[in-house]
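Everything below concerns the one structure shown next.
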Amino acid sequence: QVQLVESGGGLVQSGGSLVLACAASGRSFSSYAMGWFRQAPGKEREFVASISANGGNRYYSSPVKGRFTISRDNVKRTLTLQMTSLKPDDTAVYYCAAVSGRPEWATADTVDYWGQGTQVTVAS
């Protein structure tokens, strides 16, 4: 089992940057592909980025590619999402997730464990 706790959300101006962190507990963290998802008001939860268990492969959704960077530290059991050039459309609750199966096929339906979410608000 994996427990996930996100931190680092907040209010930022358009064009600004934020770093989200996810602290994991449970010995199986390093065996899981991990991902970030987000959910805006009135919308479905959507894939943002994922990373393979050993950190060697990373995948991004089209809206964030080139602006966001996902990384992990299996020793510290942490997952990070660096977000730059933020836009108002990035406003959402961001969730850390432990993904079953291959990270390139990550969807909300392939998540085994979710964090509680952290709010990111980008002001125009």
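Candidates THR107, THR80: the one that is farther than 10 Å from GLY35 by Cβ, in contact (Cβ under 8 Å) with a residue 40 or more places away in the chain and surrounded by fewer than 22 Cβ atoms within 10 Å (Cβ to Cβ) is THR80. Could you list, in sequence order, all residues of the range 85-105 that are farther than 15 Å from SER28 by Cβ, assigned to a loop (DSSP other than H, G, I, E, B) and over 14 Å from the mean Cα position of the chain (by Cα)? Residues satisfying the conditions are SER85, LEU86, LYS87, ARG102.
Considering the conditions (1) over 11 Å from the mean Cα position of the chain (by Cα); (2) at positive phi, GLY117 is excluded by exactly one of them, (1). Do you know which residues across the range 64-77 are among the hydrophobic types (A, V, I, L, M, F, W, C) and surrounded by fewer than 14 Cβ atoms within 10 Å (Cβ to Cβ)? Hit for the range 64-77 is VAL75, nothing else. Given GLY15, GLY55, which one is part of a loop (DSSP other than H, G, I, E, B) and open to solvent by 30 Å² or more (accessible area, probe 1.4 Å)? Answer to the check: GLY15. All of SER71, SER62, SER30 fail the test of being farther than 18 Å from GLN116 by Cα and part of a strand (DSSP E or B), apart from SER71. Of the candidates SER31, SER17, the single residue that is among the hydroxyl-bearing types (Ser, Thr, Tyr) and within 19 Å of VAL75 (Cα to Cα) is SER31.
The values are calculated or read from the model by the stated rules, or taken from the named source; none is laboratory data. None of the values given here were measured: they were computed from a predicted structure. No Cβ is skipped: glycine too gets one built from the backbone with ideal geometry, and neighbour counts run over all protein chains shown. Quick note on the areas: whole protein, heavy atoms, side chains included, nothing else; ligands and nucleic acids left out. Shrake-Rupley method; radii C 1.70, N 1.55, O 1.52, S 1.80 Å.
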